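Asker: One structure is given below, represented as structure tokens, and several questions about it will come after.
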Amino acid sequence: MSKINKFIFISGLSGSGKSSALKVFEELRFFCMDNFPLQLIRKFIDIVEEGAFAVKDIAVVCDIREIDFQKFFFESVEWLKSKNINVIILYLHASKEKLITRYQETRRQHPLSIIKQLSLTQAIEEEKSIMECVAKISDFIIDTTDLNVNNLKNLILAKFGDTQALKPIVQLESFGFKYGLPAESDYVFDARFLPNPYFIESLKNTTGLDEVTYNFVLSQPNAKEFIDKIKDFLQFVLPLFKEMSKSYITISIGCTGGKHRSVAIVKHLEGFVKSMDYIVNTIHRDIGR
């Protein structure tokens, strides 16, 4: 029997948050390594199994920075499994537009831009093609396009932390129906029946986070009853999800453009769900469109 409880590969696209993810595993008391040469995994595991130092849970970031990454990655996964070690692959990705924005903000170069002299867009597209085979065999895939560092942390804690010690996480997401439904939604509520602040000149260029628009939305006929019914539903369903050991649930509120009505309602629900002793992730997907 192996002395190692979990061996987690953190992989995915450059700029998708792998380093941030690794920091969360450090908090979970994993032995963590970034860009660890996969060729050395066998020697490292042998040292651990010999009892040279006490390590139960290991998390390693690996990606296209390593030469012949695909070859060594798949060889390492198969070898670890042959040793009866519990191997878990966590894959992070984000949209091309978001990755470009992150690289522009940090003024960093993409690894493939350095290695192959590619433009940023070309590097992202080529990396996505290279990593597709890894994504296909991954146990968990997280799209970080709309996540901040805290959102990502809460997701990882929900998936890999001590479920008895962790509070369930509720993600409240506002969105615009014109841009499509959020793929990760468990439940969707439609607020389009409420009057649209977009057609009020003084509110058109505001959002539901602005006090004047927030108050306008919540003061509309039927708004209170609608929100109260959502609260009643959450009070009913969230404990049931907890009993099922489902540590993460996404509740989405939509309006036409995702800037006014849905944002105001999510803002209001955030405090309510926190009062129920849940961790809350709040995402306003389309507020900036």
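Asker: Using 0.36 nm per residue of separation minus the Cα-Cα distance, give me the extension gain between Ile200 and Asp228 in nm, one decimal. Walk me through the numbers before you get to the answer.
Answerer: Details: separation 28, 0.36 × 28 = 10.08 nm, distance 2.56 nm.
Taking 0.36 nm per residue and subtracting the Cα distance, the gain is 7.5 nm.
Asker: How about Lys81: which aspartates and glutamates have a C-alpha closer than 19 Å to its C-alpha, ignoring those fewer than 8 places off in the same chain?
Answerer: List returned: Asp46, Glu49, Glu50, Asp57, Asp139.
Asker: For Lys259, give me every one of the lysines with a C-alpha distance below 25 angstrom, ignoring sequence neighbours fewer than eight places off in its own chain.
Answerer: Answer for Lys259, where 25 Å is the Cα cut-off: Lys96, Lys98, Lys178, Lys204, Lys224, Lys229, Lys231, Lys267, Lys274, listed by chain and number.
Asker: Something else: State the extension gain, in nm to one decimal, for the chain segment bounded by Arg107 and Asn35, taking 0.36 nm per residue of separation less the distance between their alpha-carbons. Kindly include the intermediate steps, with their values, before the conclusion.
Answerer: Working: separation 72, 0.36 × 72 = 25.92 nm, distance 2.05 nm.
Separation in residues times 0.36 nm, less the Cα-Cα distance, equals 23.9 nm.
Asker: Roughly to the nearest percent, how much of the accessible area of the chain is carbon and sulfur, given a 1.4 Å probe?
Answerer: On the way: 7530 of 14900 Å².
Solvent-exposed carbon and sulfur of the chain make up 51 percent of the total.
Asker: Does the chain classify as rounded, prolate or oblate by the C-alpha gyration tensor (a ≥ b ≥ c root eigenvalues; a/c under 1.5 gives rounded; else a/b over b/c gives prolate, otherwise oblate)?
Answerer: Values: a/c = 3.09, a/b = 1.68, b/c = 1.84.
It comes out oblate by the Cα gyration axes.
Asker: Please give, to one decimal in nm, the separation of the simple spin-label points placed at Lys246 and Glu132, each 7 Å out from Cα toward the Cβ.
Answerer: Label-label distance for Lys246 and Glu132, simple model: 3.1 nm.
Asker: Right, another one. Which of the listed residues, Met244, Ser262, Ile230, is farthest toward the dipole's positive end in region 229-272, when Lys, Arg count +1 and Asp, Glu count -1 at the beta-carbon?
Answerer: Ser262
Asker: Once the principal axes of the Cα atoms of region 155-228 are found, what is the range along each, listed largest first in whole angstroms?
Answerer: Between the extreme Cα coordinates on each principal axis of region 155-228 lie 49, 25, 21 Å.
Asker: Under a 5 Å amide H to amide H cut-off, with H placed in plane at 1.01 Å, what residues pair with Ile88 once short-range neighbours are removed?
Answerer: It is Phe7, Ile8, Phe9, by chain and number.
Asker: Also, quick follow-up: At 1.4 Å probe radius, can you tell me the per residue accessible area of the chain in Å²? Walk me through the intermediate numbers first.
Answerer: Numbers: 14900 Å² over 289 residues.
That works out to 52 Å² for each residue.
Asker: Suppose every Lys and Arg Cβ carries +1 and every Asp and Glu Cβ carries -1, with no other charges. What dipole size does region 125-261 come out with about its Cα centre, to the nearest 20 debye?
Answerer: Numbers: 15 positive and 19 negative charges, 80 e Å.
Using Cβ point charges on Lys, Arg, Asp and Glu, region 125-261 gives about 380 debye.
Asker: Here's something else I'd like to know. Compute the relative contact order of the chain as a whole-number percentage, counting only Cα pairs closer than 8 Å that sit 6 or more residues apart in sequence.
Answerer: Values: 470 pairs, mean separation 58.7, N = 289.
About 20 percent, as a whole number.
Asker: Can I ask one more? In nm, to one decimal, how far is the modelled label at Phe140 from the one at Glu26, with both set 7 Å along Cα→Cβ?
Answerer: 1.8
The values are calculated or read from the model by the stated rules, or taken from the named source; none is laboratory data. Keep in mind the model is a prediction, meaning the values are calculated, not measured. Every residue, glycine as well, gets a Cβ built from its backbone with ideal geometry; the counts of neighbours run over all protein chains shown. Please note that ligands, DNA and RNA were not included when accessible areas were found on the heavy atoms of the full protein model with its side chains. Shrake-Rupley method; radii C 1.70, N 1.55, O 1.52, S 1.80 Å.
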